Amino acid sequence: MPDPVDAPNPDPQASSQAIWHKGTAAEDWVTRFTVGEDWRWDTILLPYDLEGTRAHAWALGQVGVLTEAEVAEVSDALDAIRAAWEAGDVVVRPEDEDMHTVIERELTARLGDAGKKIHAGRSRNDQVLTALRLWLRDALAGIGAGARDVGGALLDHAEAGQTLLMPGYTHGQRAMPTTVAVWAAGYADLLTDDTEGLRAAADGANTSPWGSAAGYGVPVLDLPRDAVAERLGFARTQAIAAVQLSRGKAEGAVVHALVQLGLTLNRLASDLALFATSEFGFVKLPVEHTTGSSIMPQKRNPDVLELARATAHRLTAELHLLLTLPANLPGGYHRDLQLTKEALMRAVGATRDLVAAVAAVLPGVEWQADRMRAALSPDLFATAEALKRVEAGTPFRDAYREVGTHLDRLDVPTEADALAAYTSSGTPGNVDVGALRQRLAEAAGTGSDLDVSPAH
């Protein structure tokens with residue numbers, strides 16, 4: 001993506017004029033305050049706005065505003081603008097206000113009247129929502145693929161760790177024996193739930209706002225809303241023109257799903273960072289994914305995992321804005337809602353980096369069997385001993401007291417005996433990795449809404 005600061009601007013004087021300019025201009029500080037950082041996000045969204053404009057031009061051709069030749073000219077010009085954007089020659093600057101101004105200015109400069117006609121029947125309200133939802137579909141596909149990679153890496157650990165015993169903890173204290181497979185599969189199972197939630201949120205956002213204009217529909221022009229939704233690859237058209245009422249809602253649902261994913265990876269990262277300490281020593285982290293200390297020569301720090309853990313809090317902060325900002329606003333569009341775009345795009349970007357980071361670290365994690373075996377103290381097997389007595393006919397509460405008052409008589413069983421005590425699914429020695437792989441594939445696999453890309 002071109003750098004939004006350093007990329008050249010082909011016509012700085014023209015770029016200072018807003019799309020709504022009618023002979024008067026806002027003071028500079030008003031422009032700075034109202035545009036904020038929006039121009040940076042619009043530089044990312046610009047190619048998606050080009051695709052929305054291509055579909056809009058086709059629709060204008062259907063209702064006679066553009067001739068067939070003009071529609072073709074607009075499409076060719078949009079291709080040229082896309083190429084210029086990829087080369088860094090077309091960007092959005094603060095003085096442009098938004099990507100819509102840049103595109104209309106470029107089309108007008110290249111095509112004259114055809115460029116001036118392009119905004120007929122549209123508003124920046126439905127224009128930005130169309131671009132944002134097209135971008136979101138691509139972005140969520142990337143996150144879905146990343147989540148699949150994380151889940152796959154976890155299930156690789158589960159497959160290799162079916163008999164690798166380790167202590168399980170409650171209240172931060174050793175509680176009962178578990179295995180690497182149960183630990184890894186537990187997180188993979190949660191991750192699959194999270195991916196299903198993300199898929200549902202993506203489906204909710206896969207609806208076309210195009211043709212709603214400023215939220216009250218388009219008079220005079222009988223725009224083909226359903227046909228344009230189909231051309232853009234949306235699953236359906238948002239039926240009522242008042243789509244601005246949904247701003248913040250679809251975004252909030254998506255980020256809520258991202259928060260759930262972030263919270264799962266937060267705890268996974270916290271476990272691995274703890275297990276990597278000298279006090280535990282259950283894992284060795286890949287050296288290339290740790291960092292050094294500026295003063296202590298011996299240190300290797302789990303910074304990637306710590307920042308992965310912290311990302312959940314960033315996502316929660318963006319969700320808070322999306323949940324609270326639209327509250328108490330009267331119906332219709334308000335400039336407050338501009339901030340929902342930044343919150344959504346920040347959250348999506350942070351989650352994309354998060355899943356990439358965890359997916360990179362997991363394959364290099366090495367479990368230290370000797371250290372985990374040494375941590376299996378006899379008291380971890382107290383519950384198994386009590387239940388053996390129950391199986392022999394002793395009431396549980398009596399067995400519980402008998403074992404609890406004679407913990408010094410317990411021994412650590414062999415690995416085979418320890419695992420033989422468990423027979424139900426999902427327990428040590430009984431993790432069905434194949435079924436989990438299938439479920440993960442169904443949650444984030446080919447054919448889901450996460451894998452649908454906008455037409456180009």
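The values are calculated or read from the model by the stated rules, or taken from the named source; none is laboratory data. All figures in this text were calculated on a predicted structure; none of them were measured in a lab. Every residue, glycine among them, receives a Cβ derived from its backbone with ideal geometry; neighbour counts consider all protein chains shown. These accessible areas exclude ligands, DNA and RNA; they are computed on the full protein's heavy atoms, side chains included. Shrake-Rupley method; radii C 1.70, N 1.55, O 1.52, S 1.80 Å.
Over the chain, what percent of the accessible surface lies on carbon and sulfur atoms, probe 1.4 Å?
53
Quote the relative contact order of the chain in percent (integer), defining contacts as alpha-carbon pairs under 8 Å separated by 6+ residues.
Once normalised by length, the contact order is 20 percent.
Net charge near TYR333: determine it from the other residues with C-beta under 15 Å of the C-beta of TYR333, scoring Lys and Arg +1 and Asp and Glu -1.
So the environment of TYR333 carries a net charge of +1.
Once the other residues with Cβ under 10 Å from the Cβ of PRO378 are scored (Lys, Arg +1; Asp, Glu -1), what is the net sum?
Around PRO378, the charge tally is -3.
So what is the relative contact order for segment 323-456, in percent, with contacts set as C-alpha pairs under 8 Å and at least six apart? Let's see the in-between values first.
Values: 46 pairs, mean separation 17.0, N = 134.
Normalised by residue count, the contact order of segment 323-456 is 13 percent.
By DSSP, what percent of the beta bridges with both residues in segment 125-260 are antiparallel, rounded to the nearest 5?
Taking every DSSP beta bridge with both residues in segment 125-260, the antiparallel ones total about 75 percent.
Can you tell me which of 29-40, 429-440 comes out highest on packing, and rank the rest after it, using the mean Cβ neighbours within 10 Å? Numbers along the way, then the final one.
On the way: 29-40: 14.7, 429-440: 17.3.
Ranked by mean Cβ neighbours within 10 Å, highest first: 429-440, 29-40.
For segment 223-334, take every pair of Cα atoms, bin their distances at 5 Å starting from 0, and report each bin as a whole percent.
The calculated distribution, bin by bin, is 2, 10, 13, 13, 11, 10, 9, 8, 7, 6, 5, 3, 1, 0.
If the chain between GLU342 and ASP89 were fully stretched, how many nm would it gain, using 0.36 nm times the residue separation less the Cα-Cα distance? Don't jump to the answer; show the numbers that get you there.
Details: separation 253, 0.36 × 253 = 91.08 nm, distance 2.37 nm.
Working it through step by step, the gained length comes to 88.7 nm.
Of the listed peptides 403-415, 176-188, 156-168, 75-87, what is their order by residue-averaged count of other C-beta atoms within 10 Å, with the highest listed first?
Ranked by mean Cβ neighbours within 10 Å, highest first: 176-188, 156-168, 75-87, 403-415.
Where Lys and Arg each count +1 and Asp and Glu each count -1, what net charge lies around GLU318 among other residues with Cβ under 12 Å from its Cβ?
Within the 12 Å Cβ shell, the charges total +1.
Order the peptides 353-362, 91-100 from the highest to the lowest mean number of other Cβ atoms within 10 Å of their residues.
Highest-to-lowest ranking by the protection proxy: 91-100, 353-362.
If each DSSP helix of 4+ residues adds -39,500 (n - 2.57) and the sum is divided by the residues in the chain, what number results at 222 nm, nearest 500 deg cm²/dmol?
Result for the chain: -18500 deg cm²/dmol, rounded to the nearest 500.
When the Karplus curve 6.51 cos²θ - 1.76 cosθ + 1.60 is applied with θ = phi - 60°, which whole-Hz ³J(HN,Hα) does each residue of segment 352-367 get, with x for Gly and Pro?
Result, rounded to whole Hz: 4, 5, 4, 5, 5, 5, 5, 5, 6, 6, 4, x, x, 6, 10, 7.
Relative contact order for segment 303-365: what percent, with Cα pairs under 8 Å and sequence separation of 6 or more?
Contact order relative to length: 48 percent.
One-quarter of the Cα convex hull surface for the chain, in nm²?
Dividing the Cα hull surface by four gives the mean projection, 28.5 nm².
What FRET efficiency would be calculated for the residue pair THR170, LEU307, taking the C-beta separation as r and a Förster radius of 35 Å, to the nearest 0.05?
0.80
Cα axis of helix 433-444 to longest principal axis of the chain: angle in degrees, 0 to 90, nearest 10?
Compared with the principal axis, the helix lies near 20 degrees.
Among DSSP beta bridges lying fully in the chain, give the percent that are antiparallel, nearest 5. Provide the component values of the computation, followed by the final result.
On the way: 10 of 12 bridges.
The antiparallel proportion sits near 85 percent.
For the chain, what does the accessible surface come to per residue with a 1.4 Å probe? Please give it in Å². Walk me through the numbers before you get to the answer.
Values: 21480 Å² over 456 residues.
About 47 Å² of surface per residue is accessible.
Can you give me the P(r) profile for segment 260-395? Cα pairs, bins 10 angstrom wide beginning at 0, each as a whole percent.
Spelled out bin by bin, segment 260-395 gives 10, 26, 22, 18, 13, 8, 2, 0 percent.
Please list the radius of gyration and Dmax for segment 364-439, considering alpha-carbon atoms only, with Å as the unit.
Over segment 364-439's Cα set, Rg and Dmax evaluate to 15.6, 47 Å.
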